[in-house]
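Chemist: Once you've had a glance at the structure underneath, I'll fire off some questions.
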Amino acid sequence: MRLRRFLTVLALIPVLAWTLFPIYWILTASFKTELSLYAKPPQWLFSPILENYKRVLFNIPFFQYLSNSLLIALGTTGGSLVLGTLAAYGFSRIKFWGSEALRFLVLVTRMVPRMTLVVPYYLMMLKIGMLDTYTGLVIAYVSFAMPFSIWLLIGFFDEVPIEVEEAAMVDGCTPLGTLIRVVIPIAAPGLAVAAIFAFLVSWNEFLFALILSGPASKTLPVVIAGLTTDLGPLYGEMSAAAVMVMLPNILMTVILQRYVVRGLTLGAVKG
Amino acid sequence: MRTAQTRRWYLIPGLVFLLSIDLVPLVYSLGVSLFNWWLVRPQEIRFLGIGNYLTLAADPAFRRSVVVTCAFTFGSVLVELLAGLALALLFAQPFRFLRPIRAILLLPLFVVPVVGATMWRLILHPDMGVLNYYLGLLGLGQPAWLGEPTLAMVAIILVDAWRTIPFMFLVIHAGLETLPSELYEAAKVDGASWFQSFRYITVPLLTYIMLLAVLIRGMDAFREFDIIFVLTGGGPGTATETIQLLNYRVFGLGHMGIANAVGIVTLALVAVMCFLLIRAVLKPR
Amino acid sequence: MNRMSGVHGESRGKLRARGGIVVGLVLALLAVGLPAWAQTKTLNLSMLAGFKEDVLRANLPEFEKRTGIKVVVDSAPLGELYKKQLLSLSTGARHDVLFMDEPWVPALAEFLLPLDERAKGIDMPDFIPTTVAAGSYDGKQYALPVDPNVQILIYRKDLLEQKGLKQPTTWDELLKAAKALHDPAKQQYGFAFTAGTDPQTPLYMTLLLWSYGAELVDSRGRAGVNNEAGKKGAEMFMELLKVAPPNVKNYTFADVNKALQLGQAAMAIQWASGAKPLEDPSKSSVAGKLGYAVPPKGTRNAPMRGVWNIAIAKNTPNQEAAWEFARWLSSKEFGLASTKYPSAISAIHSARISVLQDPSTKAALPYVDALLTSLRVAKGRPRLKEYPDIQEHMRITCSRLTAGELSLDAALKEMDAGINKILGK
């Protein structure tokens, strides 16, 4: 056991170094002036400046863009979880003629390049007047996140034995109630991953946000892209913005990751 | 059974939503790809039938981009799957200290791809970057990471891997977590080694999850744009110009007909790839 | 089910409806008795994100106060702006006014409002003549110049002095000077530019081709690159690679500046607007040591002109308000105000002679003389709808040339062939 622990730690060191270095670099870049970013030898320790953060927060309506991103991401997560769970449950429990084909069809959106989809989306949204609105983007993002959510949840729902549901229904639960109170908690890790995924899809997405949004619904990735000016990336501001953009993601994952572990204890249900 | 009937209804909201949102643009794209439509000269739209597709098939730049895209997709998915699997197995051990570390490992997923790629570009910069500075100190020379065709491909796979390994790890890890521990205990009682239980319990049960991860990752890698665009812009020359980068160029100039044809071709290629993958893995089950 | 966006979308929709009724009532009331200035018009502006946007935003309140016109700024990064404007104009989505780069004017002209009549009411002679040409197409004026840019030569006065060299006026002189100052062991390089996939690369190549007398598109409307003159230009381009920083094939526009700022490059050709950060001591170690001049010539001086203009969409319902805005943006007062804007990254230069010769401008922009002289001899890119395609083709071909995929002769042939194909010849 001891040896295992030691080896594990040993293996983790390069992994963590590799994962964290660029993030550390971004973090420090947000506190550095641009010139010191190129210093040789590279500066690991230095005296931080707050200019970059100040410029990002006050030169543009950053908080409005942040709340845009947040609301759209929450909408996406909610929408794809609800629609996805229902669809996945349906696929998992009923095998009907054509369900295989339908399942495959669901994946089709992920096969088309985003660029190709963007113009028809743009025209659709233009016709129904949803350009530069939250709803327009949420609709697009839910359609991006759903295929993966559906497939993932199908896998997790398949692992929930039918006896458990039947037992619940014998106890007087409605089918919907069984889904909510019995199946979902067992498949929680899958839902957590699907939620994280949907949130990230929405949060980090750039192309659709660029084309479909306008001043009112601009999201953070578009703002960050705008920091790559014609004179090159403003590393300081970009890093500051990226750091601030990371924080809600981290918060959400910390909250959700507990559910990813829950499966361990509930796995005892099988037997 | 009545319950089965009710459950069928569950499919409806999700599928209706998805299919209406997705199929309409798809049909539109297909339609546009049959025309010669340039946004700058809207009065000169002509029906071409499969004309655009023939142009693409004859275009050496397009053919090359298909090769580049396949190389990138294969390379990155392979690296990411193996690394993700290895990490997930590492984290399957019941050590307390692993919990907080797991959250740290997910960080690259939270960095907006454009920023991550920009930072990596800075790190990989041959003259001004950190990596080469230390490589130089160690006497390992200063490779032109983004200036040479093979190295550039390695670099983009590297950065893509940095960004996506956490995702693979997360998915496989979640899958592992739901595996019932009794199976392993029973196997141990029966005297199975770690490797045997890995081979006969873990792998079969994980297959679905890994297939899904590879599928999703493959589809995304095939369509990857942001990272490659920021790091190399398709260069040097056209060494890292994937189908999407070519698409971007064509689109950006307003050539809707050809651009949509590229999109449809991408769809076809990815669909074939997925179909083969699913067949290969799920059939033997 | 989709609670979040459902409720949100619903309440927003209701809000919009209510808002619309209120606004409608107010306007109706105002229309009855009060003077026109009490009615607020809103303009949708498509703008370049970044510092130009900052300068604009800083001065917008002044405009809004004076005219009562509200301007909603929809900005996009440089790489995406053309696409967004093309899409918006061709589908009829509403941008009323657009801040656009000159190569796009021919392509977008058919969606723009001709301004010739209205232009008679403003002081046109105050604009440097070539900048006005940047906004015209096919004999009509579609845009007013706001921010002229031109390629200039930037060099380290101190380094040249050390070696007793004078400022180069021809490409041969520049090559000689660059060789003298090129010392890779000390991380000193002669000349910085971009030679890879960066969008600036074809512009450097074009500058060289022009300098020796070649044309991208000749007077007969065919490609004019693959000839003696073109070959000389391309050869010089390849020669310059040898005295450039080693990573020049992966350089971007920003890296050229970096090379200068970090003291690594002795000379560079750069857009004038890129010069401002070089004089900022917090970013640049060479502030104060730089000299500026017209780019060298081969057989002629042909620095490339790049003017940012303001144009009005043809289908805008707010023509008068849009014209007010366009007038203001290209006016002397905005020009002066923008040079005073404390941005150390970039500037809006104003195309008006009165602004560029103003003493306050000279103080703010040390390179303004080079800017003026260069503008006077600047050459514009072919005014064709196909130009963006041509530039793309040049970019890929140049990048393949420097990557070794094509030989020099093959590259020149490829450039010509591609241009002719694009032009349908």
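Read-outs: derived from the displayed coordinates by stated rules, not from any lab. A quick note: this is a predicted structure, and the numbers were derived from the prediction, not measured. Cβ coordinates were reconstructed from backbone atoms using ideal geometry, including for glycine residues, and neighbour counts include every protein chain displayed.
Chemist: Report, to the nearest 10°, how far helix C:201-211 tilts away from the longest principal axis of the Cα atoms in chain C, using its own Cα long axis and a range of 0 to 90°.
Modeler: Result, in degrees: 60.
Chemist: Relative to the longest principal axis of chain C, what angle (0 to 90°, nearest 10) does the C-alpha long axis of helix C:51-67 take?
Modeler: Compared with the principal axis, the helix lies near 30 degrees.
Chemist: Going through the cross-link list C:Lys297/C:Lys340; C:Lys176/C:Lys231; C:Lys242/C:Lys297, which pairs have a Cα-Cα distance over 31 Å in this structure?
Modeler: Numbers: C:Lys297/C:Lys340 33 Å; C:Lys176/C:Lys231 19 Å; C:Lys242/C:Lys297 19 Å.
In this structure, C:Lys297/C:Lys340 exceed 31 Å between Cα atoms.
Chemist: In angstroms, what radius of gyration and Dmax does the protein assembly as shown have, counting Cα atoms only?
Modeler: That works out to 29.6, 98 Å for Rg and Dmax.
Chemist: Now, a different point. Nearest 10 degrees, 0 to 90: what angle lies between the long axis of helix C:408-423 and the longest principal axis of chain C (Cα atoms)?
Modeler: 30 degrees
Chemist: Same structure again: List every DSSP H helix in chain A whose Cα atoms extend 27 Å or more along the helix's own long axis and whose mean Kyte-Doolittle hydropathy is at least 0.0.
Modeler: Numbers: long enough: A:2-29 (39 Å, 1.34); A:62-93 (45 Å, 0.87); A:134-158 (34 Å, 1.53); A:235-266 (46 Å, 1.10).
Length and hydropathy pass: A:2-29, A:62-93, A:134-158, A:235-266.
Chemist: Related question: Could you tell me the extents of the stretch C:262-377's C-alpha atoms along the three principal axes, largest first, rounded to whole Å?
Modeler: Cα extents, longest axis first: 52, 38, 25 Å.
Chemist: Over chain C, what portion of Cα pair distances is larger than 28 Å, expressed as a whole percent? Present the calculation step by step, with values, prior to reporting the outcome.
Modeler: Details: 47633 of 90100 pairs.
Cα-Cα pairs in chain C separated by more than 28 Å: 53 percent.
Chemist: Please build a GNM for chain C, connecting alpha carbons under 10 Å apart, and tell me which residue among C:Ser75, C:Ser46, C:Ser136 fluctuates the most.
Modeler: Per the Cα network of chain C with a 10 Å cutoff, C:Ser75 tops the list.
Chemist: Taking just the alpha carbons, could you work out the radius of gyration and Dmax for the stretch A:59-269, both in angstroms?
Modeler: Considering the stretch A:59-269 through its Cα atoms, Rg and Dmax are 19.6, 68 Å.
Chemist: Determine the distance separating the Cα centre of the stretch A:152-166 from the Cα centre of the stretch B:215-285; give it in Å without decimals.
Modeler: If we compute the Cα centre of each part, the gap is 34 Å.
Chemist: Counting other beta carbons within 10 Å of each residue's own, what order do A:Val170, C:Val72 fall into, fewest first?
Modeler: On the way: A:Val170 8, C:Val72 15.
Ascending number of Cβ neighbours within 10 Å: A:Val170, C:Val72.
Chemist: Could I ask something else about it? Can you sort A:Trp44, C:Trp210, A:Trp25 from fewest to most other Cβ atoms within 10 Å of each residue's own Cβ? Walk me through the numbers on the way to the answer.
Modeler: Values: A:Trp44 8, C:Trp210 25, A:Trp25 20.
Ascending Cβ contact count within 10 Å gives the list A:Trp44, A:Trp25, C:Trp210.
Chemist: Tell me, C:His349, B:His255 in order of fewest to most beta-carbon neighbours within 10 Å? Intermediate values should be presented prior to the final figure.
Modeler: Numbers: C:His349 30, B:His255 20.
Ascending Cβ contact count within 10 Å gives the list B:His255, C:His349.
Chemist: Turning to a different aspect of this structure: Which residue fluctuates most in the GNM of chain B (Cα springs below 10 Å): B:Thr150, B:Thr238, B:Thr164?
Modeler: B:Thr150
Chemist: Work out the length of the dipole vector of chain A about its Cα centre, built from +1 on the beta-carbon of each Lys and Arg and -1 on the beta-carbon of each Asp and Glu, and round it to the nearest 20 debye.
Modeler: Working: 18 positive and 13 negative charges, 111 e Å.
Dipole about the Cα centre, nearest 20: 540 debye.
Chemist: I'd like the distance separating the alpha-carbon centroids of the stretch C:368-425 and the stretch A:201-221, in whole Å.
Modeler: Here the answer is 33 Å between Cα centres.
Chemist: Also: Using only the Cα atoms, what convex hull volume per residue in Å³ does the stretch A:1-49 have?
Modeler: Details: hull volume 4.5 nm³, N = 49.
Hull volume over Cα atoms, normalised by residue count, gives 92 Å³.
Chemist: Let me ask something else. Just check chain B against the gyration tensor rule for me: Cα atoms, a ≥ b ≥ c as the square roots of the eigenvalues, rounded for a/c under 1.5, and otherwise prolate or oblate depending on whether a/b exceeds b/c. Intermediate values should be presented prior to the final figure.
Modeler: Values: a/c = 2.37, a/b = 1.23, b/c = 1.93.
It comes out oblate by the Cα gyration axes.
Chemist: Taking only Cα atoms and a 10 Å spring cutoff, compute GNM fluctuations for chain B and point out the largest among B:Thr207, B:Thr232, B:Thr240.
Modeler: B:Thr207
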